[in-house]
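Working notes, beginning with the structure itself.
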Amino acid sequence: MSKKVLVLGEAREGALRNVSFEAIAAAKQISSGGEVVSVLLGDSVKELAVELGKYGADRVITVEHPHLKQYTSDGYGQALLAVIDQEKPEAIVFGHTALGKDLSPKIASKLQVGLVSDVTAIEGEGDAAVYIRPIYSGKAFEKVKVKDGIEFITIRPNNIAPLTKDESKSADVSSLTVDITNLRTIIKEVVRKSSEGVDLSEAKVVIAGGRGVKSEEGFEPLKELAKVLGAAVGASRGACDADYCDYSLQIGQTGKVVTPDLYIAAGISGAIQHLAGMSNSKIIVAINKDPEANIFKVADYGIVGDLFEVIPMLTEEFKKL
Ligand code: FAD
């Protein structure tokens with residue numbers, strides 16, 4: 001049976017995030033020929049809504065309000081619940097992003113429905129859709145089927161291929177007026193710690209350094225290579241704990257989960273807690289001095305050597321391409 005599916009679009013600093021397009025592709029599969037309605041919240045998002053309409057949504061609904069300029073779970077919650085009340089979807093898809101992880105349990109509990117979070121793949125479509133998600137820090141995968149109520153899922157970025165952008169398509173864009181009231185939190189200013197470079201959770205290429213980089217300066221060769229490859233720089237907790245970099249770069253069980261096309265691990269031993277955040281990357285390259293390092297067990301390509309020799313060589317070679 002075909003379904004009406006609602007998708008939350010996400011924008012950051014005036015640009016739509018890729019996960020919005022991936023969520024629409026997931027919604028298409030779940031809808032099985034039904035209607036896909038994308039929702040965009042913010043203070044001024046009309047132009048982005050038109051852009052979003054080129055990625056496969058049948059309709060886009062915007063809710064604009066000064067209190068939606070910055071994300072708060074109260075503000076976004078009120079806006080989204082109003083859209084859900086109007087549209088009465090049979091399924092809802094969010095990205096498994098910081099925003100999605102914060103907002104989805106709140107909405108699910110308000111609607112009194114279950115939540116299938118961190119979905120990495122979907123088998124089948126419509127009523128037969130089965131959601132696949134990692135458990136036990138990525139050591140196993142479970143298949144979940146929703147038997148009743150609204151199907152509510154969050155999808156892990158970089159796992160479900162988005163549909164191709166269709167420049168000629170213009171989805172029907174409408175707006176809903178929602179009175180956002182009684183906010184318990186108002187964000188007055190956002191102070192960014194590090195805004196340089198590519199967003200780690202959506203990057204196609206990640207270069208991560210571990211305790212083997214030995215110092216803050218030790219990250220410089222990795223940053224050089226990242227610049228050449230258009231990659232994001234990440235780190236193990238070992239490197240963060242040693243104060244070589246900020247915790248916002250940490251990848252793993254208690255850090256960010258990434259699934260890029262290419263993951264380069266330099267000077268990282270491959271502790272189970274680190275693997276939990278990167279072992280689903282499509283291609284893993286490990287550089288480590290120790291041929292017995294655990295990281296080589298998950299690597300597609302392993303280089304036994306000193307990262308301070310290997311990384312500059314890679315940078316020079318990639319520059320030639
Ligand atoms: P090390 O284990 O010290 O490894 C350094 C590696 O660098 C070694 O293999 C060494 O051979 C190599 N090396 C040294 N010099 C060079 C060189 N010049 N060239 C090449 N290789 C070199 N860890 C995470 O990463 N993410 C998490 O989210 C996380 N969560 C955790 C949660 C809990 C509850 C616990 C208990 C631990 C967690 N950890 C996490 C920590 C984890 O167990 C490891 O301690 C950590 O991942 C080790 O970091 P590392 O690989 O950088 O350091």
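The numbers here are math on the coordinates, done by the rules we state, and not lab data. Quantities reported herein were computed from a predicted structural model and do not represent experimental measurements. No Cβ is skipped: glycine too gets one built from the backbone with ideal geometry, and neighbour counts run over all protein chains shown.
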**Request:** Could you please tell me the mean projected area of the C-alpha convex hull for the stretch 162-247, averaged over all directions and given in square nanometres to one decimal?
**Result:** 10.3
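Once you order the gyration tensor axes a ≥ b ≥ c over the Cα atoms, which shape class does the stretch 115-185 get: rounded for a/c under 1.5, otherwise prolate or oblate by comparing a/b with b/c? All intermediate terms of the calculation are to be shown ahead of the outcome.
Details: a/c = 1.93, a/b = 1.33, b/c = 1.45.
Oblate.
Please identify every one of the trypsin sites (Lys or Arg not before Pro) in the stretch 165-218 that sits in a loop by DSSP and has no more than 10 other beta carbons within 10 Å of its own beta carbon. Walk me through the intermediate numbers first.
On the way: sites: K165, K169, R184, K188, R192, K193, K204, R211, K214; in loops: K165, K169, R184, K188, R192, K193, K204, K214.
Listed in order of number, the matching sites are R184, K188, R192, K193.
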**Item:** Distant-in-sequence amide H partners of I303 (H built 1.01 Å from N, under 5 Å)
**Value:** A286, I287, N288
**Asked** Hey, what angle do you get for helix 73-87 against the long axis of the chain, alpha-carbon based, 0 to 90 degrees rounded to 10?
**Response** 50
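I need the shape label for the stretch 225-313. Rule: rounded when a/c is under 1.5, else prolate if a/b > b/c, else oblate, with a, b, c from the alpha carbon gyration tensor. List each step's numbers first, then the result.
Working: a/c = 1.23, a/b = 1.15, b/c = 1.07.
Taking the square roots of the gyration eigenvalues as a ≥ b ≥ c, the stretch 225-313 is rounded.
Return the subset of K193/K282; K227/K320; K193/K256 for which the Cα-Cα distance in this structure is over 23 Å, preserving the input order. Can you show the working numbers first?
Values: K193/K282 29 Å; K227/K320 14 Å; K193/K256 16 Å.
In this structure, K193/K282 lie more than 23 Å apart at Cα.
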**Request:** Could you list which residues have their amide H under 5 Å from that of S175, counting only those 5 or more apart in sequence or on another chain, with H placed in the peptide plane?
**Result:** T62
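Express the Stokes-Einstein translational diffusion coefficient of the stretch 24-83 in µm² s⁻¹, to the nearest whole number, given a Kirkwood radius over alpha-carbon pairs, 20 °C and a viscosity of 1.002 mPa s.
Numbers: Rh = 12.2 Å.
In µm²/s, the coefficient is 176.
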**Request:** Per residue, how big is the convex hull around the C-alpha atoms of the chain? Give it to me in cubic angstrom, could you?
**Result:** 141
**Message:** Need one number: nm distance between label points at E217 and A128, each 7 Å from Cα along Cα→Cβ, rounded to one decimal.
**Reply:** 6.2
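Report the per residue volume, in Å³, of the convex hull enclosing the C-alpha atoms of the stretch 205-256. Write out the running numbers ahead of the final one.
Details: hull volume 3.3 nm³, N = 52.
Spread over its residues, the Cα hull of the stretch 205-256 gives 63 Å³ apiece.
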**Message:** How tilted is helix 18-31 with respect to the longest principal axis of the chain? Cα atoms for both, answer in degrees (0 to 90, nearest 10).
**Reply:** 50
**Prompt:** So what does the Cα-only Debye profile of the stretch 1-158 read at q = 0.09 Å⁻¹, as log10 I(q)/I(0), no solvent term?
**Reply:** -0.25
**Request:** Describe numerically, in nm with one decimal, the distance between label points set 7 Å from Cα along Cα→Cβ at Y247 and at M1.
**Result:** 4.7
